[in-house]
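Below is one structure, written out as structure tokens, with a few remarks after it.
The values are calculated or read from the model by the stated rules, or taken from the named source; none is laboratory data. Bear in mind the structure is a predicted one, so any value in this text is a computation, not a measurement. In this analysis, Cβ positions are derived from the backbone assuming ideal geometry, glycine residues included, and neighbour counts consider all displayed protein chains. Side chains included, ligands, DNA and RNA excluded: accessible areas come from the protein's heavy atoms. Shrake-Rupley method; radii C 1.70, N 1.55, O 1.52, S 1.80 Å.
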Amino acid sequence: MCLNYNKNLLVEKPFCVNAMETKIVIDLAKSKNLFVAEAMWTRFFPAMDHVRKLIADGEIGKVQFIHADNCLNAKLEAKDDPNYRLYNPNLAGGALLDLGIYVVSLASMVMGACPQSIQSYVKMAETGVDEHATILFAYEDNRTAALTCSFLVHSNRMAIIYGELGSITIPGFGAPTEFTVRVKGKEDRIITYPCDKESLYWFEADSVTKLMIEGKKESEKMPWRSRFVL
């Protein structure tokens, strides 16, 4: 509706529920010369900018493996209500679309490619949505990512990126404010980017606002092509 009324658009995740819907939205934005992006705020945090630079600069060597989890005990919130949003299939419920999108997006950002194979274990809820998923991505050169999302438990929501020379550990990676770099033969480094809870959305909002002012139609941090990969 916003695009049809010629409004630039920042869409809360998940951008769409399948590739067909994604193509429709992006094609419409292109035809109207409008900006559109998914609001995956994780990619806009200064801490994540720094992580990307360290990886690109070879600080931990070539990335070989990623482990990330994002779990929230939604049953405590749902209280057995079948119409609760996270458990409602008509509202795009399910652990993968609500929580898994973060771990999948992280793997896509770091690996920069589509996995060559995907294996998964999924536990379905009575309402027909997934309430737990453990996913294994395998990339070229036998690089892998092990990802978990769940409505059944709380987790520490941590991501660890392992390279040939070291690793980067990101606690609370969905909204990262610090991370630890470990490289063999060097002292561990804890790098922090403190910010108030009230300002967590500013990084994303500022970046998108600048892009719109500059006349850009997509964000390099969350480009259109990444939507089809995800």
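Observations on the model:
- Index of the failed condition, A92 passing every other in (1) within 18 Å of the chain's Cα centre (by Cα); (2) over 27 Å from L3 (Cα atoms); (3) not acidic (D, E): (2)
- Yes/no for L86 being surrounded by 21 or more Cβ atoms within 10 Å (Cβ to Cβ) and within 18 Å of F45 (Cα to Cα): no
- Considering only residues in the range 125-135 that are of a type outside the set (A, V, I, L, M) and more than 14 Å from C71 (Cβ to Cβ), the one that is surrounded by the most Cβ atoms within 10 Å (Cβ to Cβ) turns out to be T127.
- Residue within the range 64-71 that is more than 14 Å from M109 (Cα to Cα) and assigned to a loop (DSSP other than H, G, I, E, B) present: no
- For the range 110-138, a tally of residues being among the hydroxyl-bearing types (S, T, Y) and at pLDDT below 95 returns 1.
- Scanning the range 108-124 for residues that are open to solvent by less than 30 Å² (accessible area, probe 1.4 Å) and out of contact with any helix residue (DSSP H, G or I) (no Cβ under 6 Å at 6 or more places or on another chain) yields V110, M111.
Per-residue answers, yes or no, for (1) surrounded by 14 or more Cβ atoms within 10 Å (Cβ to Cβ); (2) over 26 Å from D57 (Cβ atoms); (3) touching a Phe, Trp or Tyr at 6+ places or on another chain (Cβ under 9 Å):
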{"residue": "F151", "(1), (2), (3)": "yes, yes, yes"}
{"residue": "M158", "(1), (2), (3)": "yes, no, yes"}
{"residue": "D196", "(1), (2), (3)": "no, yes, no"}
{"residue": "L211", "(1), (2), (3)": "yes, no, yes"}
{"residue": "P223", "(1), (2), (3)": "no, no, no"}
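- For beta carbons closer than 8 Å, sequence separation of 6+ or different chains, a first residue in the range 68-80 that is within 13 Å of M158 (Cα to Cα) and modelled with pLDDT of 90 or more and a second that is assigned to a helix (DSSP H, G or I) and not hydrophobic (A, V, I, L, M, F, W, C), the qualifying pairs are A68/Y102; N70/G100; N70/Y102.
- One residue alone among G174, G185 is exposed (fewer than 14 other Cβ atoms within 10 Å of the Cβ) and modelled with pLDDT of 90 or more, and that residue is G185.
- All positions within the range 1-19 that are assigned to a loop (DSSP other than H, G, I, E, B) and surrounded by 11 or more Cβ atoms within 10 Å (Cβ to Cβ): C2, K7, N8, K13, P14, F15, C16, V17
- Lone unmet requirement of (1) buried (at least 16 other Cβ atoms within 10 Å of the Cβ); (2) assigned to a loop (DSSP other than H, G, I, E, B) for M48: (2)
- Contacts under 8 angstrom Cβ, first residue in the range 39-57 being on the phi < 0 side of the Ramachandran plot, partner open to solvent by less than 40 Å² (accessible area, probe 1.4 Å) and of a type in the set (D, E, K, R), 6 or more apart: A39/K13; A39/E204; M40/K13; W41/E204; F44/E204
- Tally of residues being aliphatic (A, V, I, L, M), out of contact with any strand residue (DSSP E or B) (no Cβ under 9 Å at 6 or more places or on another chain) and open to solvent by 40 Å² or more (accessible area, probe 1.4 Å) across the range 20-45: 2
- Hits in the range 162-185 - residues which are more than 21 Å from the chain's Cα centre (by Cα) and in contact (Cβ under 8 Å) with a residue 12 or more places away in the chain: E164, L165, G166, R182, V183, K184
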